Amino acid sequence: MFQKFHRSRHAGDDDFLRRMISDAVMDKVRDGFDPERVDELVSKAVPEFIDMMAPQLALSMMRNKRSLRANNRMERGYDRRIRKRWGKAFDLYIIVHAVCIELGEKVSNRERDGLTSAQVHTLEALTGLHVTASRIAGEVLALLSQGYPRGALARCRTLHEAAVIACIIADSAADPDHSDLAERFLDHEIVTLRRDALQFQKDHEILGEEPLEQEYLDELEARYDDVIAKYGQSFAREYGWAKKFSPDDNLRALEKKASLSHVRPHYQSASSEVHCGSRGLANNFIEMRGVTLRHSGKINVGLTGPADLALSSLLQVTFSHAVQGHPDGLNVESLLCMKALEEIRSACLEEFLATQKSIDRAEEKILKRMQR
């Protein structure tokens with residue numbers, strides 16, 4: 001809200017909303033509205049008063065350019081300070097991110113001629129997962145550089161899921177018993193498409209949207225029936241595509257298959273930023289200079305964990321795509337690049353940790369001065 005800037009410029013006037021309502025009423029009076037009717041409207045016709053005044057109040061808020069400029073100045077200043085503190089770590093993150101994208105594109109552009117059907121499906125699935133992981137890793141960087149580490153942690157949840165799925169698809173590529181896992185994964189798209197379409201069709205009226213065409217729904221139903229006939233009724237489950245590979249077709253079981261169970265605590269922590277349960281409310285508190293505060297805006301601490309999780313998952317997906325699941329087998333060039341990327345990731349993590357320690361030391365000095 002804009003009121004924080006007016007508090008410093010208008011001593012004793014700390015009720016921003018009341019002032020804005022007053023300004024809106026005065027604008028109405030200047031337009032010919034009888035001021036004697038204000039109390040009457042408020043006491044006898046609150047809905048009418050609200051309907052009449054809300055547009056004027058909104059207009060007054062939008063016209064408050066001084067507060068908007070003050071907000072923008074504060075945002076720009078905060079962004080500069082974050083960049084000054086964390087810039088070196090961000091640069092190393094960008095290097096890892098960019099090389100992973102380039103490496104993935106090189107594998108994805110490989111000619112499909114001569115590949116078996118299973119290899120084509122594996123390459124397609126891993127390419128899609130790598131594109132998703134690369135994009136999300138970029139979103140994590142954007143959130144971190146803007147001072148939203150908890151939002152970045154939420155995106156790490158999806159990155160972890162991509163890493164788990166990429167690992168098991170790459171692992172199964174050379175296994176004759178499970179070489180169709182990538183095909184199953186790709187075919188499972190229709191299960192989600194049908195579910196979403198049926199939900200939309202149920203709620204389209206209340207959403208004010210046109211219904212889906214029956215021809216499209218019939219097509220989805222036919223495709224759905226085909227995959228159920230092909231794979232069985234269990235294929236309709238959320239992880240039904242993995243049922244043959246893992247009888248316990250859930251993410252926790254797949255994590256074990258991918259040897260990524262140790263990431264589960266971080267995944268659960270990230271989940272509290274995705275699902276709005278009571279556990280996530282505790283993340284709104286921050287200790288600052290001996291005082292516990294609720295914060296709803298930007299922050300320049302806590303960036304290390306999300307950055308580390310994001311790059312770790314991105315490298316796992318990239319390794320699965322460029323090395324482990326490569327249709328031509330082990331590729332020395334890709335393996336060398338992955339080793340170099342791991343070195344840069346380690347240097348990046350060290351830079352993040354060093355920056356956090358520097359901030360902690362600076363805060364300790366400030367706190368000591370305050371306690372004198």
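Here are some notes:
- Put THR292, THR122 in order of accessible area, highest first, and with a 1.4 Å probe you get THR292, THR122.
- Pairwise FRET efficiency - ASP177 versus LEU335, Cβ, R0 = 25 Å, nearest 0.05: 0.45
- 3J(HN,Hα) from dihedral phi, the stretch 197-210, Karplus parametrisation 6.51/-1.76/1.60, rounded to Hz, x for glycine, proline: 5, 5, 5, 5, 4, 6, 10, 4, 5, 5, 7, x, 10, 6
- Electrostatic dipole magnitude of the chain [Cβ: Lys, Arg +1; Asp, Glu -1; Cα centre; debye, to 20]: 3060
- Per-residue ellipticity at 222 nm from helix content only, as computed over the chain with -39500 (n - 2.57) for each DSSP H run of at least four residues, stands at -24000 deg cm²/dmol.
- The heavy atoms of GLU189 present about 100 square angstrom of accessible area, all protein chains included, probe 1.4 Å.
- If the convex hull is drawn through the Cα atoms of the stretch 168-213, its volume per residue in Å³: 81
- Taking a ≥ b ≥ c as the square roots of the eigenvalues of the alpha carbon gyration tensor, the chain is oblate, as a/c is not under 1.5 and a/b does not beat b/c.
- Largest-first principal axis extents, alpha carbons of the stretch 211-345, Å: 63, 50, 31
- Per-residue 3J(HN,Hα) values for the stretch 234-250, derived from phi via the Karplus relation 6.51 cos²θ - 1.76 cosθ + 1.60 with θ = phi - 60°, read 5, 5, 6, 5, 4, 10, x, 5, 9, 4, 5, 6, 9, x, 8, 7, 9 Hz in sequence order (x marks Gly and Pro).
- Take the Cβ atoms of LYS230 and ARG369, set R0 to 51 Å, and the FRET efficiency comes out at 0.15.
- Per residue, the accessible area of the chain comes to 58 Å² when a 1.4 Å probe rolls over the protein heavy atoms.
- Overall form of the stretch 113-268 per C-alpha gyration tensor (a/c, 1.5; a/b vs b/c): oblate
- Cut-off under 5 Å, modelled amide H: who pairs with MET288 long-range: LEU293
- Whole-percent P(r), the stretch 66-166, all Cα pairs, 10 Å bins from 0: 14, 33, 26, 16, 8, 3, 0.
- Cα centroids of the stretch 200-240 and the stretch 89-136: 30 Å apart.
- Comparing mean-square fluctuations of ARG80, ARG195, ARG252 from a GNM of the chain with C-alpha springs under 10 Å, the top value falls on ARG195.
- Solvent-accessible area of the chain (1.4 angstrom probe, protein heavy atoms only): carbon and sulfur portion equals 53 percent.
- Three-way shape call for the stretch 190-244 based on the alpha-carbon gyration tensor, with the a/c threshold at 1.5: oblate
- THR192-ASP31 FRET efficiency (beta carbon distance; Förster radius 41 Å; 0.05 resolution): 0.20
- Extension reserve of the LEU207-GLU342 stretch, reckoned as 0.36 nm per residue once the Cα distance is removed: 43.8 nm
- Local electrostatic count, PHE185, Cβ distance below 14 Å [Lys/Arg +1, Asp/Glu -1]: -3
- Estimated vicinal HN-Hα couplings, Hz - the stretch 264-271 in sequence order (Karplus 6.51, -1.76, 1.60; Gly, Pro = x): 3, x, 5, 4, 5, 5, 5, 4
The values are calculated or read from the model by the stated rules, or taken from the named source; none is laboratory data. All figures in this text were calculated on a predicted structure; none of them were measured in a lab. Counting neighbours? That spans all protein chains shown, and the Cβs are built from the backbone with ideal geometry, glycine included. Areas reflect the complete protein model, heavy atoms only, side chains present, ligands, DNA and RNA absent. Shrake-Rupley method; radii C 1.70, N 1.55, O 1.52, S 1.80 Å.
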